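Colleague: Just dropping this structure here.
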């Protein structure tokens with residue numbers, strides 16, 4: 001009988017916790033998305049997602065790479081209570097400052113740009129998600145390898161506020177309730193998470209020295225650039241589609257994109273789960289087994305999904321449209337590249353200390369992505385070319401990371 005070490009038991013617990021969370025994150029949108037598309041219409045659904053794409057830039061700013069830098073540092077120092085408290089307090093202070101700066105930027109955008117000002121309430125209500133991001137230190141639970149608490153909190157609040165969407169959103173004029181409920185769920189979940197951290201880990205907020213704050217900020221800078229490149233380019237694509245092709249096109253693209261990232265989360269769950277473990281153990285044999293298993297599983301799921309895409313889209317959204325189907329096929333063509341890239345990024349490259357390579361690979365790929373999006377929309381005005389840009393991005397990121405892995409001969413290292 002196979003005997004599991006404490007490390008492996010914790011990995012399994014964290015994996016199942018994050019898998020349950022991602023499962024809920026996949027199922028709940030599949031319940032609400034069809035309802036919102038039908039009740040609000042594709043155009044209002046697109047408007048909501050356009051506002052969300054703008055606000056999500058600010059979540060990148062306040063997160064500032066701490067989901068990786070602080071996670072890694074907490075994992076290494078989790079038995080040192082003083083150090084853990086220091087890390088926690090430093091990150092919260094920096095995120096609070098970044099939140100204030102982000103709100104000021106949004107205020108000026110709304111004040112000076114007409115298209116923002118006429119939907120000011122929508123943007124302000126959506127911005128509550130940024131506050132929820134600051135209040136909910138996911139990075140803390142990941143670094144302490146206690147991810148089940150992330151699952152408990154997220155699932156509880158997401159289920160409650162998903163139900164409330166059906167209660168409050170009854171026709172196309174109720175679109176404002178969607179960002180309000182999403183923001184309330186994020187904020188209340190964040191408040192409860194801070195309560196748990198204090199109760200379970202006995203972490204009390206302390207103001208650290210300036211040098212410590214500076215170190216946390218500097219250490220997260222490269223991770224921040226990576227996140228700007230990775231997630232920022234994603235939101236840039238949605239924003240560009242809204243500007244050049246209108247809210248209906250945004251609606252269709254958002255419908256496909258949400259399914260795409262739900263599928264891509266398979267790689268993200270495994271990456272987040274094994275990253276702290278790989279940082280400590282450098283167990284390359286274990287990584288190879290996980291990598292091959294996840295890629296095989298992804299391919300098995302992807303083939304029927306691509307083949308029956310029209311039936312899937314009709315089932316989920318009750319919409320049958322040639323543009324929607326084409327966007328689905330194009331975008332999902334890049335999913336395997338994306339999952340492979342996620343798996344070889346932070347668990348492997350960063351886990352072996354090559355953080356710069358893991359980050360730079362996404363930064364380089366994002367430059368290519370941004371150029372491809374801009375050319376596709378501005379010069380060719382072709383939404384399908386814009387959609388294909390994500391395939392270029394995922395493949396480029398994988399190739400850059402593959403180059404670094406081969407150069408450092410990581411796959412041939414022994415534990």
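We did not get these values from a lab; they are worked out from the coordinates using the rules stated. Keep in mind it's a predicted model, so treat the numbers as computed, not measured. All Cβ positions, even for glycine, are placed from backbone atoms using ideal geometry, and neighbour counts span all protein chains on display.
Colleague: R0 = 25 Å: FRET efficiency of residue 326 with residue 296, Cβ-based, nearest 0.05?
Modeller: So the FRET efficiency works out to roughly 0.35.
Colleague: To continue, here is another question. Give the peptides 376-387, 122-133 in descending order of average Cβ contacts within 10 Å, highest first. Write out the running numbers ahead of the final one.
Modeller: Working: 376-387: 16.9, 122-133: 21.8.
Highest-to-lowest ranking by the protection proxy: 122-133, 376-387.
Colleague: So, in Å, what gap is there between the alpha-carbon centers of segment 176-249 and segment 94-150?
Modeller: For segment 176-249 versus segment 94-150, the Cα centre distance is 6 Å.
Colleague: If you don't mind, there's one more thing I want to ask. Test of understanding: what is the full-extension gain from residue 288 to residue 109, defined as 0.36 nm times their sequence separation minus their Cα-Cα distance?
Modeller: Net length gain for the segment: 59.7 nm.
Colleague: Counting only C-alpha contacts under 8 Å and six or more residues apart, can you give the relative contact order of segment 136-218 as a whole percent?
Modeller: Across segment 136-218, relative contact order equals 34 percent.
Colleague: Based on the Cβ-Cβ distance from residue 303 to residue 411, what FRET efficiency comes out when R0 is 30 Å, to the nearest 0.05? Walk me through the intermediate numbers first.
Modeller: Values: r = 26 Å, r/R0 = 0.88.
My answer for the efficiency is 0.70.
Colleague: If R0 is 35 Å, what FRET efficiency do you get for residue 367 and residue 281 from their C-beta distance, rounded to 0.05?
Modeller: So the FRET efficiency works out to roughly 0.55.
Colleague: Sticking with this one: Kindly provide the helix-only [θ] at 222 nm of the chain, computed as the sum of -39,500 (n - 2.57) over DSSP H runs of four or more divided by all residues, to the nearest 500 deg cm²/dmol?
Modeller: So the calculated ellipticity at 222 nm is -28000 deg cm²/dmol.
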